[in-house]
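See structure below.
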Amino acid sequence: MPTIAIRYCTRTGHSRQLAEAISEALHCPALDISEGLQEPVDRLFLCNGMYAARLDKQLKFFLEAYADRIGEIVNVCSSASGRSTRKQLLRQAEGRPFRLSPREFCCKGAFHALAKGHPDANDLKAAASFAVLAAR
Ligand SMILES: Cc1cc2nc3c(=O)[nH]c(=O)nc-3n(C[C@H](O)[C@H](O)[C@H](O)COP(=O)(O)O)c2cc1C
């Protein structure tokens, strides 16, 4: 079985909600990226959002600091448009030892009048089901 960890980077709480749904499904703690990564991990479920079409700066620092402890990143993201942060994460993976899994989860995340109510209960349920399959 691959070793698994869950980390989230959040500004408005959605990535934490997604991380906690995954945490319950995988029986694995969900921690803020400020906790770092104490041990190398085969598969990192990385819960994140999109801000002005970019990743959060702190997330970039985390990926730089812990790159050599990560085997594979499974992107779990939300954005108001529903667009994935995959492109931004692929840029972070360039020249780094970790790879980005082809499997990913993305849902809408509320921002002002956009995507109100998301992630909702169905989004969280779908994230948990996704994680169970992606953890194998
Ligand atoms: C400052 C800011 C900028 C954002 N920019 C975008 C954007 O460019 N495109 C988009 O689709 N969503 C954008 N969003 C919406 C977030 O990606 C969405 O609310 C996401 O669920 C936030 O996750 P979080 O609560 O974990 O921070 C933005 C949100 C904030 C707070």
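Readers should treat all values here as calculations from the given coordinates under stated rules, not as data from a laboratory. Values in this document were obtained by computation on a predicted structure and should not be read as measured data. Heads up, the Cβs are rebuilt from the backbone with ideal geometry, glycines too, and the neighbour counts pull from every protein chain shown.
A few comments on the model shown:
- Adding -39500 (n - 2.57) for every DSSP H run of four residues or longer, then dividing by how many residues the chain holds, sets the calculated 222 nm ellipticity at -10000 deg cm²/dmol.
- Loop sites in the range 1-110: GluC sites (Glu not before Pro), DSSP, at most 12 other Cβ within 10 Å: GLU94
- The chain: most fluctuating residue of ARG54, ARG69, ARG83 per GNM, C-alpha cutoff 10 Å: ARG54
- By the Cα gyration tensor, the range 4-134 has an equivalent ellipsoid whose semi-axes, rounded to whole angstrom, run 21, 17, 13 from largest to smallest.
- Taking the range 53-95 and a reference point 7 angstrom along Cα→Cβ of THR3, the backbone N atoms nearer than 18 Å belong to 63, 65-74.
- Stretch gain in nm, segment ARG96-TYR51, where the contour uses 0.36 nm per residue and the Cα spacing is subtracted: 13.9 nm
- Seen from ILE4, the other residues with C-beta closer than 14 Å to its C-beta sum to a net charge of +1, counting Lys and Arg as +1 and Asp and Glu as -1.
- With semi-axes defined as the square roots of five times the eigenvalues of the C-alpha gyration tensor, the equivalent ellipsoid of the range 38-104 measures 19, 12, 10 Å, largest first.
- On the basis of the beta-carbon distance and an R0 of 30 Å, GLN58 and HIS112 show a calculated FRET efficiency of 0.85.
- For the chain, built as a Gaussian network whose Cα springs stay under 10 Å, the top-fluctuating residue of GLY36, GLY71, GLY95: GLY95
- Derived scalar couplings ³J(HN,Hα) [the range 75-92; Karplus, 6.51 cos²θ - 1.76 cosθ + 1.60; whole Hz; x for Gly, Pro]: 6, 10, 9, 9, 7, 5, 7, x, 7, 7, 8, 4, 4, 5, 6, 4, 5, 5
- Gaussian network model of the chain, springs between alpha carbon atoms under 10 Å - residue of GLN58, GLN92, GLN17 with greatest fluctuation: GLN58
- Normalised by the number of residues in the range 4-134, the average gap of Cα pairs under 8 Å and 6 or more apart makes the relative contact order 25 percent.
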